[in-house]
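The next block holds one structure in the form of structure tokens; read it before the comments.
The values are calculated or read from the model by the stated rules, or taken from the named source; none is laboratory data. What you see is a predicted model, and the numbers here were worked out from it, not measured in a lab. Every residue, glycine among them, receives a Cβ derived from its backbone with ideal geometry; neighbour counts consider all protein chains shown. Ligands, DNA and RNA are excluded from the accessible area calculation, which covers all protein heavy atoms including side chains. Shrake-Rupley method; radii C 1.70, N 1.55, O 1.52, S 1.80 Å.
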Amino acid sequence: AGVAQALPQTFTARVSLEMALNGVHGGGQVVFQVDCAITKPGDELFATGGHDVLGQWAPDKGLKLDTTKETFPTWSSQPVSVPADVRLEYKFVIKSAKTDPRPFATWEAFEGNRDLVSKAGLKQTARSIWGKKVDTRVSSEALPEALGGQNGTKQAPAKGGLAAQPRISMADALKLADQIEQREPRRKNFSQSLITLDVEDAGAASQALSAAAEMPAQEPEQAGQECAGATPAMRKTMPLKHITSLSALSEMADIMEKEEARATTQRVATYESQNLDVPVVIVTSEIAPYSKTGGLGLVAASYSYEFARKGHRTMAISPKYKHYDGLTYVAEAKVMVADREEVVKYWHKHEGGCDYVFVEHPSIEKDGGLYNSDDGREYPDNLFRFTLLSLAALEAPLILKLNGKEVYGQKCLFLANDWQAGLVPLYLCYKYRPNNCYVESRVIYVVHNLGYQGQYPHIKACHFFGIPELAAADIGLGDSVNLCKGALVCADRVITVSPNYTKEVQTAAGGFRLESFVKAKGDALRLGGILNGIDDCWNPEIDKNIEKRYSIENFETGKRFNKAALQKAVGLQVDERAVLVGFVGRLTWQKGVDVMVSILDWLMKDEGNGVTGHVQLIMMGNGEKQYADALRGAEGRHPGRVCGYVGFDPKVEHHMMAGCDLFLMPSRYEPCGLPQMYSQRYGTLPIVTATGGLVDSVKDVALGCDKATGFHISVLEEGKMKEVIYRACALCLQAPADFKKMIVNAMSEDFYWPQAMDEYEKSIDQTLSDPAIHRS
């Protein structure tokens with residue numbers, strides 16, 4: 001059921017037919033033409049590209065073009081129907097007759113591909129000249145029928161190749177990849193978006209993250225003062241010096257709170273593990289609450305609790321970046337790096353069923369952040385530090401006797417997280433298995449973000465890592481070692497943090513030069529995607545941060561109360577009828593803030609349509625100065641209706657989830673994402689770009705209000721964002737019964753970790769049953 005069917009006529013009458021069709025049916029038609037005079041009798045000509053209607057680049061499965069004696073040398077296809085706003089990349093290819101001595105397929109020879117973006121309600125004709133990329137001309141005409149594609153034309157399937165493509169334009173994807181690739185070597189391996197803060201107050205900028213983490217969160221009234229006329233220096237709630245994501249400042253439930261939350265909900269496991277007796281060893285460069293710069297630390301902390309709770313003997317091993325209370329020294333080991341013997345020491349703490357093991361070495365503890373100094377450049381010895389981590393992690397199960405028990409032993413499941421632990425699969429293949437050690441063990445490599453890969457130029461890999469030439473080839477890419485590539489090649493299984501992201505990283509747009517290695521893992525049936533879970537603290541029934549707790553049974557009263565409290569706290573007009581839209585995140589291009597800022601004045605202007613001008617906006621975050629200034633400017637132009645909160649307060653984030661009607665998350669790139677899941681649990685419907693884990697976690701309104709939990713922006717550009725936000729706000733204002741149906745759907749979703757753990761147990765069983773990867 002589409003939106004036009006799901007909403008009452010009073011609503012559809014208020015929205016233009018073009019807008020409704022664009023969002024629901026999204027159909028357009030494309031005709032491909034090319035002037036090509038080099039063909040011979042018996043040749044066939046195809047338009048071939050990265051979509052099912054174009055054969056997914058298979059030359060003999062593309063869209064066939066025809067010509068006649070009268071029209072030659074112009075070749076033309078039949079019209080094909082394609083969903084709106086799909087970027088079609090393609091080239092023309094000549095397929096020779098079987099008896100012809102020429103190659104089977106002759107492709108156009110220019111660099112790159114042709115591309116065309118389909119448009120709703122239009123028939124587009126793209127006419128090109130063979131071999132000349134720049135000469136394509138596109139003409140358009142309105143389709144005779146509103147829905148299009150009903151005159152016998154070939155239909156694009158609803159699933160398949162399209163779903164595998166990131167919903168980010170190729171230009172945006174390449175821009176993102178170039179931004180990372182063009183950085184100097186010491187800025188490539190970590191996000192830089194929060195390094196240079198928009199601070200006029202140098203004193204606030206210089207405070208350490210550790211001090212910020214210990215600061216008490218502001219009360220809502222204080223947050224409101226910051227949004228309502230405070231100076232920029234006053235608005236600095238928490239310095240963000242050494243973190244890569246605002247999620248590092250989010251709270252987590254402690255063990256008692258988790259158990260309390262789970263006692264109120266009866267969940268039935270959907271999968272019964274066959275290998276609970278196999279220990280799990282989590283290798284991670286950070287783990288909350290001891291160390292965290294972003295989402296990895298939170299996820300690793302959840303792994304440590306959840307695997308132990310499932311019944312696995314569980315070890316989480318991470319660097320000892322500083323003094324941590326409650327640790328006990330347990331052992332030391334000698335490892336070889338760059339032909340030098342290094343001594344690593346192990347410190348231990350048992351908590352919540354997990355053995356937390358911290359690796360100490362003089363190189364690990366630094367005065368700055370975990371990975372980078374105050375100027376944002378990573379430490380020059382990071383490769384050395386994380387080589388030590390991987391080697392220490394592989395030695396730990398063999399030598400550490402913890403809690404009066406024997407060693408973990410030689411049959412373990414290693415969970416290596418991101419490139420910092422990327423040497424674990426490589427060493428397992430080339431150092432341990434050839435020496436008859438860990439023969440029954442397996443390693444799963446978890447990709448949290450493929451954009452950061454552990455690239456280090458001009459390293460003599462054989463000497464530095466103590467590995468053979470074949471291993472050096474596995475880890476090498478260009479003139480650098482690439483720890484992520486080595487892990488992809490050598491891991492027994494690769495998991496990404498959402499099913500859709502698994503598809504995206506197999507494409508040129510989402511693979512950051514490693515797509516072929518990821519795809520090879522998929523071809524070997526050793527690739528999967530599991531959506532991260534959310535922490536138990538994100539629950540409106542027990543949340544101590546919000547003004548009034550509520551459940552799915554009384555959400556209307558609860559959200560109404562929290563909305564009024566939030567509006568008052570942040571200095572907005574207390575108006576129950578206004579649609580309250582929230583955003584929390586880094587103020588960066590990657591998060592789509594540029595597009596949000598561009599439509600803000602339009603959203604605030606009352607044009608008599610009953611929607612725009614009846615909206616309030618809260619945007620909280622920090623990052624690039626240009627966007628922070630834009631938020632402050634918008635707040636000044638629209639007092640009482642816009643709050644530009646430049647900073648971050650985790651308590652305010654909870655208030656926003658409970659008090660907002662809609663939550664905006666228009667990321668260009670989002671491997672998993674957590675806020676869109678938080679918002680649904682609180683009955684705040686998310687508006688998201690159809691990319692990465694946002695696709696997996698938000699059910700689009702096109703499914704109908706009986707199933708949908710939010711709204712997808714198919715392609716991130718100004719017009720499409722306006723359209724989707726307009727539709728969402730109109731639904732809230734003019735079809736409240738259907739909006740409430742979607743709230744119930746959203747609050748009924750289960751995004752907590754126990755559900756995700758069933759998928760992890762299934763992957764562990766598959767991995768342990770498969771033959772180990774052998775490379776030597």
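Gly640 satisfies every condition listed in (1) touching a strand residue (DSSP E or B) at 6+ places or on another chain (Cβ under 7 Å); (2) open to solvent by 10 Å² or more (accessible area, probe 1.4 Å) except (1). Tell me, please, whether a residue that is free of Cβ contacts under 8 Å to residues at least 12 places away in the same chain and open to solvent by 20 Å² or more (accessible area, probe 1.4 Å) can be found in segment 342-361. Checked segment 342-361: no residue is free of Cβ contacts under 8 Å to residues at least 12 places away in the same chain and open to solvent by 20 Å² or more (accessible area, probe 1.4 Å).
Residues of segment 485-544 that are of a type in the set (Gly, Ala, Ser), open to solvent by 10 Å² or more (accessible area, probe 1.4 Å) and in contact with a Gly (Cβ under 7 Å, 6 or more places away or on another chain): none at all.
Looking across segment 105-125 at every residue that is closer than 26 Å to Glu723 by Cα and of a type in the set (A, V, I, L, M, F, W, C), the one that is surrounded by the most Cβ atoms within 10 Å (Cβ to Cβ) is identified as Ala120. Comparison of Asp60, Asp52, Asp35 shows that the only residue that is open to solvent by 20 Å² or more (accessible area, probe 1.4 Å), in contact with a helix residue (DSSP H, G or I) (Cβ under 8 Å, 6 or more places away or on another chain) and of a type outside the set (A, V, I, L, M) is Asp52. Can you confirm whether Tyr329 is open to solvent by less than 20 Å² (accessible area, probe 1.4 Å), at pLDDT 85 or above, out of contact with any Asp or Glu (no Cβ under 6 Å at 6 or more places or on another chain) and on the phi < 0 side of the Ramachandran plot? Taking the combined requirement at face value, the residue does not satisfy it. Of all residues in segment 344-395, those satisfying the criterion of being of a type in the set (D, E, K, R) and either touching a Lys or Arg at 6+ places or on another chain (Cβ under 6 Å) or within 24 Å of Met315 (Cα to Cα) (or both) are Lys345, Lys349, Glu351, Asp355, Glu360, Glu365, Arg377, Glu378, Arg385, Glu395. Annotation note: Cβ proximity below 7 Å between a residue of segment 300-322 that is more than 24 Å from Ile399 (Cβ to Cβ) and a residue that is of a type in the set (Ser, Thr, Tyr) and open to solvent by 10 Å² or more (accessible area, probe 1.4 Å) (sequence gap 6+ or interchain) occurs for Lys310/Ser273. Cβ separations smaller than 8 Å between residues 6+ apart or across chains give the following pairs from segment 267-291 residues that are basic (Lys, Arg) to residues that are in a loop (DSSP other than H, G, I, E, B): Arg267/Asp750. Does Glu670 meet the test of being open to solvent by 10 Å² or more (accessible area, probe 1.4 Å) and touching a helix residue (DSSP H, G or I) at 6+ places or on another chain (Cβ under 6 Å)? Yes. Within segment 478-520, the residues that satisfy the criterion of being among the polar types (S, T, N, Q), under 13 Å from Val447 (Cα atoms) and touching a strand residue (DSSP E or B) at 6+ places or on another chain (Cβ under 6 Å) are Thr496, Ser498, Thr502. Within segment 549-581, being exposed (fewer than 15 other Cβ atoms within 10 Å of the Cβ) and outside any loop (DSSP other than H, G, I, E, B) holds for Glu556, Thr557, Arg560. Taking helices (runs of 4 or more DSSP H) as the structural unit, those lying wholly within segment 647-748 and holding at least 2 residues that are in contact (Cβ under 8 Å) with a residue 12 or more places away in the chain and of a type in the set (Gly, Ala, Ser) correspond to 650-659, 692-697, 718-734, 736-748.
Quick check, is Asn562 closer than 30 Å to Asp738 by Cβ, in contact with a Cys (Cβ under 8 Å, 6 or more places away or on another chain) and in contact (Cβ under 8 Å) with a residue 24 or more places away in the chain? Against the criterion (closer than 30 Å to Asp738 by Cβ, in contact with a Cys (Cβ under 8 Å, 6 or more places away or on another chain) and in contact (Cβ under 8 Å) with a residue 24 or more places away in the chain), Asn562 does not qualify. Considering segment 69-89, the residues that are of a type in the set (Val, Ile, Thr) and open to solvent by less than 50 Å² (accessible area, probe 1.4 Å) include one that is farthest from the chain's Cα centre (by Cα), namely Thr74.
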